[in-house]
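**Student:** Can you keep this structure in mind? I'll have questions shortly.
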Amino acid sequence: MQARKVTSKQMATSLESRGNAAALERAGSTVVTVGTYDGVHLGHRRLIEVACDEATRRGLRVVVVTFDRLPTSVLRPKDPPRLLTGLDHKLELLGSTGVDDIVVLRFDLERAAESAEDFVSSVLVGELKAQVVVIGENFRFGHKHRGDVAFLERAGKRLGFATIGVGLVTDEETHEVISATRIRSLVEAASLEQAAQLLGRPHELRGSIEESADDVTGEVGVLLDADLCLPPAGTYDATVVLAKQCVIETTVRVPVGAKADRSREETFVAVDLADPKIFLSKEHTSGARIALQLHSVARGHAPHLATTPCDDAR
């Protein structure tokens, strides 16, 4: 079943989601899981699996609550972490997990100042009618991060919901905790195979075709979506997906300086095509959406590992 994308009354706007809040309100009690869900990695998927199992056991709908941006981009705007997934991509991945609804909350200074008590009473209980709340054991919410598993357990006794805290998920081979911070650091170090292992899929960059195929190099310019986490400058083996159906195995070149200057609003990469004529069709012209799934450093192309990292390894 395709998950609905809805908004809370407290959110001003959301992609593909206006006008459905009333439908969610009529849905009855729910199992709710809350998180930033950047990357929707294997740790996130375990959290959602627990929520779905509990919802099935109780005969309830399962709702994922997430945010339209990383909270740290508002709390520390001078040096926010790069994104593993843009909002559209994140919603697409969340929708594939089997949840019933996805609520996107706008995270701004007003949301940052909201107390944990108000968030629970107005959003989780008031709007979503949560009968069970499922969060990761290290997740914090509310002003000054006062909301956690213990806080929810106390609040649940007063407001009538149960709380399930899910332990951190570790990689079976390395035994390291799976987190968005760790995955960003792997992408920054060009360790794309390890990043894919924690994500459960290749790290993917999305954007729009902006430059036609070069007659000499066969490269096509791609304007990436804003604030995506990039590997160092270099050339990478990749799978390119056009119009969600045309798949090409090729290389993607990240130019020197592509991610060093965080003040720049535009970031371009170059996609090498064995047959540039593939872009002559109407679906693949300038402005068409494109997905670049990065697998590994291309043979014979050592990356520039001295490039400024995606973030400070938070």
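**Student:** Tell me yes or no: at least one residue of the range 95-102 is of a type in the set (D, E), closer than 20 Å to S29 by Cβ and under 22 Å from the mean Cα position of the chain (by Cα).
**Tutor:** Pass one, the range 95-102, residues of a type in the set (D, E): 100-101.
Now narrow it down to the ones that are closer than 20 Å to S29 by Cβ: 100-101.
Imposing the further condition that a residue be under 22 Å from the mean Cα position of the chain (by Cα) reduces the set to 100-101.
Yes - at least one qualifying residue is present in the range 95-102.
**Student:** Do we find a residue being out of contact with any helix residue (DSSP H, G or I) (no Cβ under 7 Å at 6 or more places or on another chain), within 30 Å of A291 (Cβ to Cβ) and surrounded by 15 or more Cβ atoms within 10 Å (Cβ to Cβ) anywhere in the range 150-169?
**Tutor:** So far as the range 150-169 goes, no, none of its residues is out of contact with any helix residue (DSSP H, G or I) (no Cβ under 7 Å at 6 or more places or on another chain), within 30 Å of A291 (Cβ to Cβ) and surrounded by 15 or more Cβ atoms within 10 Å (Cβ to Cβ).
**Student:** Now for a different question. Go through the range 43-60 and give me each residue that's surrounded by 18 or more Cβ atoms within 10 Å (Cβ to Cβ) and either in a loop (DSSP other than H, G, I, E, B) or in contact with a helix residue (DSSP H, G or I) (Cβ under 7 Å, 6 or more places away or on another chain) (or both).
**Tutor:** Selection gives L60 alone.
**Student:** Something else: Please work out which residue is surrounded by the most Cβ atoms within 10 Å (Cβ to Cβ), limiting yourself to the range 9-34 and to residues that are at pLDDT below 95 and closer than 30 Å to L198 by Cα. It would help to see each step written out before you state the result.
**Tutor:** Taking the range 9-34 and keeping what is at pLDDT below 95, we get 9-29.
Keeping just the survivors that are closer than 30 Å to L198 by Cα gives 14-17.
Values: S14: 21, L15: 13, E16: 12, S17: 19.
For the range 9-34, the residue satisfying everything is S14.
**Student:** Within the range 99-193, which helices (runs of 4 or more DSSP H) (wholly inside it) include 2 or more residues that are outside the structural domain of L292 (by TED's automatic domain parsing) and more than 30 Å from L228 (Cα to Cα)? Spell out the reasoning first.
**Tutor:** Values: elements: 109-113, 149-159, 180-188.
Fully inside the range 99-193 and qualifying: 149-159.
**Student:** Under 9 Å by Cβ, and 6 or more places apart or on different chains, what pairs join a residue from the range 223-251 that is outside the structural domain of A291 (by TED's automatic domain parsing) and assigned to a strand (DSSP E or B) with one that is of a type in the set (S, T, Y) and surrounded by fewer than 19 Cβ atoms within 10 Å (Cβ to Cβ)?
**Tutor:** none
**Student:** What is the one condition in (1) modelled with pLDDT of 95 or more; (2) surrounded by fewer than 19 Cβ atoms within 10 Å (Cβ to Cβ) that E172 does not satisfy?
**Tutor:** The single condition E172 does not satisfy is (1).
**Student:** Residue check: is V63 touching a residue at least 40 places away in the same chain (Cβ under 8 Å), among the β-branched types (V, I, T), in a strand (DSSP E or B) and touching a strand residue (DSSP E or B) at 6+ places or on another chain (Cβ under 7 Å)?
**Tutor:** On the way: touching a residue at least 40 places away in the same chain (Cβ under 8 Å): yes; among the β-branched types (V, I, T): yes; in a strand (DSSP E or B): yes; touching a strand residue (DSSP E or B) at 6+ places or on another chain (Cβ under 7 Å): yes.
It is true that V63 is touching a residue at least 40 places away in the same chain (Cβ under 8 Å), among the β-branched types (V, I, T), in a strand (DSSP E or B) and touching a strand residue (DSSP E or B) at 6+ places or on another chain (Cβ under 7 Å).
**Student:** I'd like to know if the range 275-292 contains one or more residues that are assigned to a strand (DSSP E or B), closer than 20 Å to A195 by Cα and either modelled with pLDDT of 80 or more or not basic (K, R) (or both).
**Tutor:** Going through the range 275-292, the residues assigned to a strand (DSSP E or B) turn out to be 289-292.
Adding the requirement that they be closer than 20 Å to A195 by Cα leaves 291-292.
Applying the additional criterion that residues be either modelled with pLDDT of 80 or more or not basic (K, R) (or both) yields 291-292.
Within the range 275-292, one or more residues are assigned to a strand (DSSP E or B), closer than 20 Å to A195 by Cα and either modelled with pLDDT of 80 or more or not basic (K, R) (or both).
The values are calculated or read from the model by the stated rules, or taken from the named source; none is laboratory data. Remember, it's a predicted structure, so these values are computed and weren't measured experimentally. Methodologically, a virtual Cβ is constructed for each residue, glycine included, from the backbone with ideal geometry; neighbour enumeration extends over all protein chains shown.
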